[in-house]
Each structure stands twice: as C-alpha cells, then as structure tokens.
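To start, the structure itself, in structure tokens.
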Amino acid sequence: MTDFLLELRSEEIPARMQAGARAELEKLFRAQLSAAGLEAGDLTVWSTPRRLALIARDLPQATAAVSEELKGPRSSAPPQALEGFLRKTGLTQDQLEDRDGVYFAVIDKPGRATAEVLAEAIPAIVRAFAWPKSMRWGKDSASSESLRWVRPLSGIVAIFGEELVPCEIGGIASGFATRGHRFHCPGEITIGSAADYAEKLRACHVIVDHEERQAIIRDGAAKAAADAGLSLVEDEGLVIENAGLTEWPVPLLGRFDEAFLEVPPEVIQLTARVNQKYFVVNGADGKLANGFVCTANIDAKDGGAEIVAGNRKVLAARLSDARFFWEQDRKTKLADHAKKLDRITFHEKLGTVADKVERVAKLAEWLASEGIVPNCDPALARQAAELAKADLVTEMVGEFPELQGLMGGYYARAEGLPDAVADAIRDHYKPVGQGDDVPTAPVTVAVALADKLDTLTSFFAIRLPPTGSKDPFALRRAALASLSTIQSSNLRLPLTKLLSIAVRLAKESSQVTASNRHALESGAPVLGSPSLTVLVARNGFDEELAQEVWDVLDFFADRLKVQQREAGVRHDLIDAVFALGGEDDLVRLLARVKALQAFMATEDGANLLAGYKRAANILKQADIAVAPAEAGAGGGSAPTTTAPAFAGATDVDRVLLAALDAAEPAAAAAVTEERFTDAMAALASLRAPIDAFFEGVMVNDPDEAVRAYRLGLLARFTGAVHGVADFSKIEG
C-alpha cells in the first residue's frame, strides 16, 4: 500500500474560499478514484494562501480486474434496439448472454496501475474544480478552452510513493519541486514523498496544516494580550481568516491612541476586524482597551516592532475616519436625520422608508395603547418607531451597514432621549436569527414586532410572498422572529385584528390602484385553517381582502408549525389543535398544544385516542359526520344528539352518558378558562366508560332505536373530544 501526494500551487487563494476548496478537492478526488474502481480511504486535505494539498494514504499499486454487467434489450426486440446496444458495449451478438429472453453484456475490465489512474485524474480534477470566482491568464487566456483557476496556477506536485505521477495541464507539468515561504525561503524545494512534505515545508517557514495555523493564531493572540495584562476578544471567524492569509503566522500586540476610545466600542472592533483583520482586546475592567493584535506572515528580526508600527498607522487612519463620522453624525438630531428617509425607496410598490416608518409607528402605538404589550408607553413606542431607521442615512452606517440600529441607539442616548427609546432603536431588528437575543423591554417589543409585521403584511399585500426556496425579502425570518417575540413576552395578541390593521396601512401607502383599496374592519380572531367564507363572514371583508389576510395567517401558521417541530413538538399534535380553527392567540394555542402533548404521552391519552378512532370509524360507516367543536377561542362541544334518558339503555350506556354529562361541560369550561391540563383530565375521565362501552354493548344493535341511541352517544363522545383537539389528526 502506497501514499499519494498532490499539491496544486497558485497565487494567493482568498481566505474565504479555502474551506470550500478543500471540500471540493476531496470530493473530486474521491469521485475520480471511485470511477476507476479504487477506494480513496483516508484523505488529508490542507490549504495555505498559496497551495492546496491532498495526501491519500494506503492506495494499492493497481486496481483490481472487474467484470461489468449491462442489461440490454429483450431478444424479441426490434433489430435497431440490439444494434444500438452492441454499439454501446462494443461487443458482437454472439458475445451477449441470453437470460430468459433478455440480452446481457458481460465486460471484463483488466486492472490498471494506480499511477496511471492518478495521471488521468489530476487534469480532470483541475478542470472540473468549482471556484466561486475563477480566471484565465497568460497567452492562451483568449480561448474559452484555456484553464480557469482561482488565481494563476503555477505548479503541480504529484508523487505516488516516491515516484512522480506524470501529468500536464495548461502547460504546467507535474514535478517534485514546490516553493517555501515567499520571503523566508522563496527558492525551490524538492519533495521526496508524502511522508516528508509537511516537514520540508515547515523547515522553509510554511505550516501547511490550516488547523495548526489556526491554533497558533488563537493561542498566540491570547498570550500576546495576556502578557500585556489584557484579554483577547475571541473571534473564531477572524482566527480562520487570518490562518487563510498567512503561511507562517506570528501574532503581535500593538497599541492605538487612547483618545479613539470615545468612539463606540463596536465601531472600533468592526473597523479593526473588517478593514485590517485585527483582533481587539479588553482591559482588566472588561471594557475595550486601546490595543489590537495583528497577525504577521513573517518572523521579523526586530520581534515585529516595525510591523506593529506600520499597522498602528494604518489603524489610526481608519479610526480617525470612524471618529469623524461619529462626531459629524451627532451634530444632527435623529429626528432631522429621519426626514431624509423620504429619499430612500423601500420598495417601488410600497413607497419610501419614511412611509414604512410611519406605518410601523402607528402599529407600535396601537400595540401599546391597546395594552397588548404591557407596561408600554404609547408615546415612547411611537417616538422610538419614528427614529428607528434614522441612522440609515448617517455617515457611520453608510460606512458600516452592519451597525444599523446599534448606531441609532448610541446617537439617541448621546442626544439625551429616554433610555427606553434608545434601547428600542438599538434592538428593534432583533432577533435577527436563530440564537439571537429576543427583545423583552416593552417599548422595544412593540417597535420590533411592529417593524416585522409591517414587512410581512406589506409584501403580501402587493402579492410578493416567498415562493419555494426563494425569499428575497426574508419574510420567513420576519415571521419566525415575530413568533419568538410574541412567545418570549407572552403577548396576548389578536393576530387577525393586528394583521388587518397592518394590511390597511400597507395599502394606504402602497402604489396600488384606488379600486384595490379596502377598508378593514377588526373582527374575531381566526388562525389555523379557516375558510375564506369564514373570514368574510366574521370580519366583514370582501373576498380579495379576505384572501390577503388569509395568506398572511396561513403563512404564520406554517412558520409556527416549523418552529414547534424544531422545538420537539409532534407535528400531528400541532395539526390537531390548528384544525380546530378560530384561534389567533398564539400563547393560548401553544399552551393547548403543550397540554395535549403531555396528555398523549400517558396511557390514558393513548387509550382515549384508540377509543376515539374506533368511534369515528363506526360513525363514518353509519354515514354520520364526526361532530367538531364549535370554532372559537373557548372551544365548546358538539350539540347533544341523544336524549338524557332512553328506555332501552343498559347500565353500560348510562355510565357513558353520565360520564359525558360530566366531562363535556368540565372540558369546555377548562378550555374557556385556559386550564388546558384540566381539560385533558376531563377527557381522561371518558377513557374507562368508552372502553367498557365497546366491550359491553353492540353499537349496531338490530333494534333501530337502540342503534340510533348508541350512535348518538358516540357522536357526543367524539364531539366532546373535539372540544379540546381534533383527534382525527393524531397519529397512532
């Protein structure tokens, strides 16, 4: 068994592309060997700014002989089919095998030397390599057939054991020679085999293992900070990026003018990180200190003093710009910055950012004034919403778009605005993604929720919802963020009413024709699976408007199901509660789902489900609809379908009737009072009577009156269950 080394050397590979390039090289190499009948086995793939390297261990000297079998046409097929199969296989008819009227071709392929396979694989890998961006170069670049690579390819090392694998691509022939560090050891290095590759490069100031370079940077930067009594602000992304920029990393600590610390720390960190790839450090007090750690690519004779001095000058220039932006932006009040938002188009059909701000302000004020967001001052909610987007026109956010919201909060605080307003401006984009902090401060909750709901309803109002995997306006993220905010703050939110208001505001400011504008009336909550007819009847909507509200509600329902499934809630239990319809209080809906999940995990829940399904099947055979609960927040139960007393009733019948008489009102009252665990307990009381009923009586009794009575009992039973959840949706 023999090791194989492949190095593809080029000009600098961008750091952001190196991880993908390693994965691509491994994938293509495995595919090429697999096609030749070789198992790649253990692979090691490394990258530096100037090379991709792969070591495949324990490859055989040759591929094994294989026999390939191809199925052909039937022996009775037209001659043309047989002729085509013969051309494909290169065989004659007498070489085919006839098996039960079907031709088969058995082709024996002799083994090949692995070195030969590798010689063919290397050019194929290079030509098939998928870079995010690539280029042609040299005198042949005018041809579309010339080699494309991320940067000009300059060398190939291909060694199997200790033997060269000869190949050539784009005028570059494989060899034993590579090059070391650009400055420390720019000459050629002869590689003898895969075994000495990494150590020979290390001797020439190249650490080829990217993970080792990352560890050097991670540990070295932390040590450089600690030696100065500081602590490194950890940034794993920056560790990986610096490792992708250096072949011989040397972390060095530098200092900048302490006067720059008057600029917000996030600005300093972003300036150092984005523009210069520097780490920042904290002092003993945990606050940002006037230090930075840069990563040199050489082992400087002066210990890096000159490198640090040069980097300090460059960083000072960047920080001077940031300080200028900070000072200039604060000369103008946020309210005056906000006036410029009417120059920025939010969407051609939805007006300007100023139009959006006004919609958000109205929604936030409504959420506060209606008490939906408890302890929220409506005036502060409106003020925060009106100023939330003002920093979009500032110099600082123009330079660093990542700081939108955050800088608005700083400017608001510097201006002397209330802390609640400044915090809401700072955090109104949150949560941005999974794992991000969810706002809890009342004013922030009102503004953040209003902002996201406006975005959702606005794009649905102009018929631009997400389609398939495409979501250009991040509406799925906005919906999930809204759901997280509602749940985190336990908001008792009538979602249908709020969405109706939001749609109206969107239409009023959007560029739609007057004939498509609709006056919206608030109405009863409807989430889950209501029909358009229900929306029209309950809310006074016309059909077009009902469709718009329906679409947003349905979208919310789908996102909620996704969120709850990811949280470990069974999808069928979610459907069982959603199927009741008539519910848009998410807190109440999820409390019911949680109680149902706990109940179904018990023996009573499993047995009641079995009894329900048996009852539903009997009713279906009798052509009697399973009576659902009356849609609405309070649930309810199906109308009683049998008289309280019946002369032909047995003791078993009467026990079930008595249980229903007790359980139905108890469950309905518990649902109305949002005691969902008690509602499940009321259902549990039906388990023994329904089991005894099926064991003790014949439902389809020959006596028509008895049969009707017992079917009525089952209808009452299923109706009582439906008052809590639609058990027909539950699996089991």
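The values are calculated or read from the model by the stated rules, or taken from the named source; none is laboratory data. Everything numeric in this text was worked out from a predicted model, so none of it was measured. Here the Cβ positions follow ideal geometry from the backbone for every residue, glycine too, while neighbour counts run over all protein chains shown.
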Top-ranked residue in the range 162-173 [being within 23 Å of Trp149 (Cβ to Cβ) and more than 45 Å from the chain's Cα centre (by Cα); ranked as surrounded by the most Cβ atoms within 10 Å (Cβ to Cβ)]: Leu164
Any chance Ala681 is assigned by TED's automatic domain parsing to the domain that holds Ala616 and either closer than 30 Å to Ala591 by Cβ or of a type in the set (Phe, Trp, Tyr) (or both): yes
The range 174-183, subset within 44 Å of the chain's Cα centre (by Cα) and not polar (S, T, N, Q), residue nearest to Glu145 (Cα to Cα): Arg179
Residues of the range 426-475 that turn out to be hydroxyl-bearing (Ser, Thr, Tyr) and part of a helix (DSSP H, G or I), as a count: 4
Residue in the range 651-672 that is touching a Leu at 6+ places or on another chain (Cβ under 6 Å) and of a type in the set (Lys, Arg) present: no
Where a residue in the range 316-345 is free of Cβ contacts under 8 Å to residues at least 40 places away in the same chain and in the same structural domain as Ala414 (by TED's automatic domain parsing) and its partner, wherever it lies, is surrounded by 13 or more Cβ atoms within 10 Å (Cβ to Cβ) and of a type in the set (S, T, N, Q), with Cβ under 6 Å and at least six apart: Asp342/Thr352; Thr345/Thr352
Residue that is modelled with the lowest pLDDT [pool: residues in the range 560-574 that are in contact with a Lys or Arg (Cβ under 7 Å, 6 or more places away or on another chain) and surrounded by fewer than 20 Cβ atoms within 10 Å (Cβ to Cβ)]: His571
Residues (within 24 Å of Glu247 (Cβ to Cβ) and surrounded by 18 or more Cβ atoms within 10 Å (Cβ to Cβ)) located in the range 152-161: Leu153, Gly155, Ile156, Val157, Ala158, Ile159
Residue in the range 11-35 that is nearest to Ala124 (Cα to Cα), counting only those that are crowded, with 18+ Cβ neighbours inside 10 Å and over 32 Å from the mean Cα position of the chain (by Cα): Gln32
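Per-residue answers, yes or no, for (1) surrounded by fewer than 20 Cβ atoms within 10 Å (Cβ to Cβ); (2) touching a helix residue (DSSP H, G or I) at 6+ places or on another chain (Cβ under 9 Å); (3) in a strand (DSSP E or B); (4) without any contact (Cβ under 8 Å) to a residue 40 or more places away in the chain:
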site	(1), (2), (3), (4)
Ala119	yes, no, no, no
Ala124	yes, yes, no, no
Pro132	yes, yes, no, no
Ser146	yes, no, no, yes
Ile189	yes, yes, yes, yes
Gly192	yes, yes, no, yes
Tyr197	no, no, no, no
Val208	no, yes, no, no
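Quick grid of which residues meet (1) of a type in the set (S, T, N, Q); (2) more than 12 Å from Val126 (Cβ to Cβ); (3) touching a residue at least 24 places away in the same chain (Cβ under 8 Å); (4) not assigned by TED's automatic domain parsing to the domain that holds Pro132:
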position	(1), (2), (3), (4)
Trp149	no, no, yes, no
Ile156	no, no, yes, no
Glu163	no, yes, yes, no
Cys167	no, no, yes, no
Gly170	no, no, yes, no
Ser174	yes, no, yes, no
Gly180	no, yes, yes, no
Phe183	no, yes, yes, no
Ser531 vs. criteria surrounded by fewer than 16 Cβ atoms within 10 Å (Cβ to Cβ) and at pLDDT below 50: yes
Some residue of the range 487-510 being out of contact with any strand residue (DSSP E or B) (no Cβ under 6 Å at 6 or more places or on another chain), in a helix (DSSP H, G or I), without any contact (Cβ under 8 Å) to a residue 24 or more places away in the chain and within 13 Å of Val552 (Cβ to Cβ): yes
Filtered residue count, the range 286-306, keeping only those that are among the aromatic types (Phe, Trp, Tyr) and over 36 Å from the mean Cα position of the chain (by Cα): 0
Scan of the range 365-384 for residues that are farther than 11 Å from Val443 by Cβ, touching a residue at least 40 places away in the same chain (Cβ under 8 Å) and assigned to a loop (DSSP other than H, G, I, E, B), ordered by number: Ile372, Pro374
Residue list for the range 143-172, filter: hydroxyl-bearing (Ser, Thr, Tyr) and under 21 Å from Glu188 (Cβ atoms): Ser154
Ser67 farther than 27 Å from Val206 by Cα, more than 35 Å from the chain's Cα centre (by Cα) and modelled with pLDDT under 95: yes
Residue ranges of strands (runs of 3 or more DSSP E) in the range 1-95 with at least 3 members in contact with a Phe, Trp or Tyr (Cβ under 6 Å, 6 or more places away or on another chain) and among the aliphatic types (A, V, I, L, M): 51-59
Any hit, the range 176-183, residues being surrounded by fewer than 16 Cβ atoms within 10 Å (Cβ to Cβ) and modelled with pLDDT under 95: yes
Close pairs from the range 457-468: first within 16 Å of Glu508 (Cβ to Cβ), partner among the basic types (Lys, Arg) and surrounded by 15 or more Cβ atoms within 10 Å (Cβ to Cβ), Cβ under 8 Å, at least 6 apart: Ser458/Lys356; Ser458/Arg359; Ala461/Lys507; Ile462/Lys349
Residues being in a loop (DSSP other than H, G, I, E, B) and touching a strand residue (DSSP E or B) at 6+ places or on another chain (Cβ under 9 Å) - total across the range 163-178: 5
Conditions (1) modelled with pLDDT of 95 or more; (2) farther than 27 Å from Arg426 by Cα; (3) surrounded by 15 or more Cβ atoms within 10 Å (Cβ to Cβ); number of the one not met by Ile268: (2)
Failed criterion for Ile268 (all others in (1) within 35 Å of the chain's Cα centre (by Cα); (2) more than 22 Å from Gly237 (Cβ to Cβ) hold): (2)
